[in-house]
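Asker: Pasting a structure here, questions to come.
The values are calculated or read from the model by the stated rules, or taken from the named source; none is laboratory data. Because the structure is predicted, anything quoted here is derived from the model rather than measured. Every residue, glycine among them, receives a Cβ derived from its backbone with ideal geometry; neighbour counts consider all protein chains shown.
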Amino acid sequence: MTVKLILREQEYEVKPGMTLLDSLKKVNILPESVIATCAGEMILEDEILKDGDVVKLIAVISGGSGIAIRESGTCDECRVTNFEYRRVSHEM
Amino acid sequence: MKCKKCGNKASVHMRQHKLALCKEHYLEWLPEQTERFIKKYEMFTPYEKILVAVSGGKDSLGLWDILTRLGYHADGLYLGLGIDGGISYSHESHRLAEKFANDHELKLHVVDIEKEYGQSIPMLAEKTHRGYGKPCAVCGLSKRHEMNRIARDLGYDVLATGHNLDDEAAQLFGNTLSWSADFLLRQGPVLPATEGLARKVKPLCRFYEREMTAYCLARGIEYVYEECPFAEGSQSIYYKELLNKLENDRPGAKLTFYLRFLEARKSGNLFIEKDIAREHLHACSKCGQPTSAPDLCSFCRMIEKVNSVPAS
């Protein structure tokens, strides 16, 4: 008698009768970081999960690239403004 | 939870707005809001040609979908980066970008970095030794360079990227931690065109990342779900996770962080001392040291004065 939560390849089991929000807290998943779907429909944090429910959690965070650049003249070859590379990576 | 507009079961809850909507009303609300922000920040007009940077991810495909639904002339640009990472990352993202373009009968420009420059992004990173073992720095640099080049070469008025509020808040957070004043002063929904650089706009800059995920799910947009294999452990993702913890406890914290920053920047109150220094100091015409006096600095004036007095 369980509810299954699936996030990427990871599976979690919680008891039926809990809300989605309580279930996520129980398995230490930050609600802000996922969208939950059940039977192909998006569900919200107040949804009471029933026995046999399979909740697919879709991670929402993406990113990873980006560096800091400074303009430093125009490239002779491509005519585009040239950039000076810096190590820090906070400009996108 | 009920939809605020029709009372049916809600599918999306935006705690920062205290707003829950059903799927149908959410799919109306998000483009309406996008249109509002396009106008508010004067990003572009319906008469301009837009180039959307499309990665195959949820944000860029979502943006392309919204702009075309709103009736804008928006073509796509996909950059082939040559990243495999054991999951055929670039291949899959290219396939999904092409699929979206074909399904919606849209024009997609494809530029393959390796074909264009003889090296893929991971190869460039390895040979240049930039990025400390990760190609993210080279990737970001190459993408910006190529997006700008194509936008200008093909005569687009504006380049649109799918940066969402979480991207912007993470960028702002990083730049604030290091007090990178020059970057802070340039961050915003619109980067105006300058000599050699196309105008860049971020129409999704006020939507949370989870809102864009919800939009793509509700619209049935197939996007590349797997993260770039090189993104794991990146600083921007770490900052996003930190900000989400804050958001979890204080709904609206991310939005407020970003909007208050934009207000402060617009008011001119950010780093005002630097401007004062620039405004009042210039180089002394004799010694070159900074001075607020109109020509010579006080020291040089003093020396000149001393030397001009005839010896008694």
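Asker: Which of the residues that make up segment B:135-175 are within 9 Å of chain A (Cβ to nearest Cβ) and β-branched (V, I, T)?
Answerer: Selection gives B:V138, B:T161.
Asker: Separate question: Does A:A59 fit the bill of being among the hydrophobic types (A, V, I, L, M, F, W, C), within 20 Å of the chain's Cα centre (by Cα) and at pLDDT below 95?
Answerer: Spelling it out, A:A59 is indeed among the hydrophobic types (A, V, I, L, M, F, W, C), within 20 Å of the chain's Cα centre (by Cα) and at pLDDT below 95.
Asker: Tell me the residue from B:E24, B:E42 that is of a type outside the set (A, V, I, L, M) and within 30 Å of B:G7 (Cβ to Cβ), please.
Answerer: Answer to the selection: B:E24.
Asker: Follow-up. Here are some conditions: (1) aromatic (F, W, Y); (2) crowded, with 18+ Cβ neighbours inside 10 Å; (3) away from chain A (no Cβ under 14 Å). B:Y26 meets all but one. Which one does it not meet?
Answerer: (3)
Asker: Could you run through segment B:198-237 and say how many residues are buried (at least 22 other Cβ atoms within 10 Å of the Cβ), among the charged types (D, E, K, R) and assigned to a helix (DSSP H, G or I)?
Answerer: The number of residues fulfilling the criteria is 3.
Asker: If you check every pair at least six apart or on different chains, which have Cβ atoms under 9 Å apart with a residue in segment B:172-187 that is under 23 Å from B:R199 (Cβ atoms) first and a residue that is part of a helix (DSSP H, G or I) and of a type in the set (G, A, S) second?
Answerer: Close Cβ pairs (under 9 Å, with a partner that is part of a helix (DSSP H, G or I) and of a type in the set (G, A, S)) amount to B:N175/B:A181; B:S180/B:G174; B:F183/B:G174.
Asker: Let me ask another. Starting from segment B:95-116, keep only residues that are within 15 Å of B:I221 (Cβ to Cβ), then list their pairs with residues that are part of a helix (DSSP H, G or I) and at pLDDT below 90 whose Cβ atoms are within a distance under 8 Å, requiring at least 6 positions of separation or different chains.
Answerer: Listed by first residue and then by second, the contacts come to nothing, as the list is empty.
Asker: Restricting to segment A:44-58, and then to whatever is facing chain B (nearest Cβ under 8 Å) and aliphatic (A, V, I, L, M), can you tell me which residue is farthest from B:Y26 (Cα to Cα)?
Answerer: A:I58
Asker: Given the criteria at pLDDT 95 or above and touching a helix residue (DSSP H, G or I) at 6+ places or on another chain (Cβ under 9 Å), does A:I35 qualify?
Answerer: yes
Asker: Looking at (1) without any contact (Cβ under 8 Å) to a residue 60 or more places away in the chain; (2) of a type in the set (D, E); (3) loosely packed, with under 15 Cβ neighbours inside 10 Å, find the lone condition where B:E35 falls short.
Answerer: Against the list (1) without any contact (Cβ under 8 Å) to a residue 60 or more places away in the chain; (2) of a type in the set (D, E); (3) loosely packed, with under 15 Cβ neighbours inside 10 Å, B:E35 comes up short only on (3).
Asker: If you don't mind, there's one more thing I want to ask. If you go through segment B:213-227 one residue at a time, do you hit one that is at pLDDT below 95 and at the interface with chain A (Cβ under 7 Å from one of its Cβ atoms)?
Answerer: Among the residues of segment B:213-227, at least one is at pLDDT below 95 and at the interface with chain A (Cβ under 7 Å from one of its Cβ atoms), which makes the answer yes.
Asker: Select the strands (runs of 3 or more DSSP E) contained entirely in segment A:1-55, then report the ones holding at least 1 residues which are over 21 Å from B:L21 (Cβ atoms).
Answerer: On the way: elements: A:3-7, A:10-14, A:34-38, A:41-43.
In segment A:1-55, the matching strands (runs of 3 or more DSSP E) lie at A:3-7, A:10-14.
Asker: Give all pairs with beta carbons closer than 8 Å in which a residue from segment A:27-39 that is facing chain B (nearest Cβ under 8 Å) meets a residue that is hydroxyl-bearing (S, T, Y); count only pairs at least 6 apart in sequence or on separate chains.
Answerer: Filtered contacts from segment A:27-39: A:I35/B:T213.
Asker: Now for a separate question. Among helices (runs of 4 or more DSSP H) lying entirely in segment B:119-189, which contain 3 or more residues that are basic (K, R)?
Answerer: Where helices (runs of 4 or more DSSP H) fall fully within segment B:119-189 and carry at least 3 residues being basic (K, R), they are B:136-153.
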